[in-house]
Amino acid sequence: MPENPLALVTGASRGIGAAVARALAPTHRVLLGGRDADALAEQAAESPGAEPWPVDLADFDGVRAAVAGIDRLDVLVHSAGAAELGTVERAEAAVWRKNLEINVVAVAELTRLLLPALRAAHGHVVIINSGQGLSTRAGWGPYAASKHAVRAFADALRAEEPGLRVTSVYPGRTDTEMQQNIVAGEGKEYTPGRYLRPDSVAAAVLSAITASPDAQVTDVTVRPRPH
C-alpha cells in the first residue's frame, strides 16, 4: 500500500501551524516543525503519522542538516513567523531585521533547500501571510513590510516553478498567543471571540491543498465575521 503524502508544517507547536498540522494528519504524514521540542512531542502524540521536526529556522546550518534526508515532499506550509511592531519613528533596525529574517529570509531559504524534494513530488507550497501583507496600518510597518515581501516571494516562486502549486493565505487577526501579545502591546482587553479560530484558517489551507489537480489556488483571504 502506498504511503500517504508527506507534509512539513513550520510553526506547528501552536496556533495556526498546529491547526494546519491537525487538519493534514488524517491524509498526510506530517513533519511538525518548530523550536519547542516538548510542544512538538505533545502535538505528535495526538496525531498518528506525525513526528517532531525540531529546528530553529534562523540557524541555516541546522536547517540544511534537517532537510538532508527529505528527498520527496508533497506539501510545505510556512506558518512560523515573528510579529515585532513599531512606528517608523521608534522601530530600530533590530526590529526590522527580526521580521525580515524570520518572515522572509527563513522562508526563502527553507524553500530553496527543499526545491528538489518539492519538484520530485510536483508539490505545493503554502505561505501563511497576513492581512498586513495586503495593507498596512500605523504602527505595524516592520511586520507589514516583511509580509509584503513574502507575498512577492510567493509570486516569484509561482512564476519560476510552474511544476509546483503556490498559495498565499491572508488571515485576519486570529486567536493565537501571538495575537494575545499584540493586543497586550496595544494596551487593549483581549476578547477571543473577536478573532478567527486557528481551525478556520486551517480549513482554508486544507481547501487549497485538496483542490483538484488542474486547479491552483493562488491567494486566499480569510477574515473574522463582524459581530
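The values are calculated or read from the model by the stated rules, or taken from the named source; none is laboratory data. What you are looking at is a predicted structure, and each value in this text was computed from that prediction instead of being measured. All Cβ positions, glycine included, derive from the backbone under ideal geometry; neighbour counts span all protein chains shown. With ligands, DNA and RNA removed, areas are computed over all heavy atoms of the protein, side chains included. Shrake-Rupley method; radii C 1.70, N 1.55, O 1.52, S 1.80 Å.
In the stretch 47-91, what residues are open to solvent by 30 Å² or more (accessible area, probe 1.4 Å), under 25 Å from P198 (Cβ atoms) and either assigned to a helix (DSSP H, G or I) or in contact with a Phe, Trp or Tyr (Cβ under 7 Å, 6 or more places away or on another chain) (or both)?
A66, E84, L85
Any chance you could count how many residues in the stretch 113-131 are surrounded by 21 or more Cβ atoms within 10 Å (Cβ to Cβ) and basic (K, R)?
Total meeting the criteria: 0.
I'd like the residue in the stretch 1-18 that is surrounded by fewer than 24 Cβ atoms within 10 Å (Cβ to Cβ) and not in a loop (DSSP other than H, G, I, E, B) and, out of all such residues, is nearest to the chain's Cα centre (by Cα).
G15
Going by the structure shown, is A44 part of a helix (DSSP H, G or I), closer than 23 Å to A82 by Cβ and touching a strand residue (DSSP E or B) at 6+ places or on another chain (Cβ under 9 Å)?
Working: part of a helix (DSSP H, G or I): yes; closer than 23 Å to A82 by Cβ: no; touching a strand residue (DSSP E or B) at 6+ places or on another chain (Cβ under 9 Å): yes.
For A44, the condition - part of a helix (DSSP H, G or I), closer than 23 Å to A82 by Cβ and touching a strand residue (DSSP E or B) at 6+ places or on another chain (Cβ under 9 Å) - is not met.
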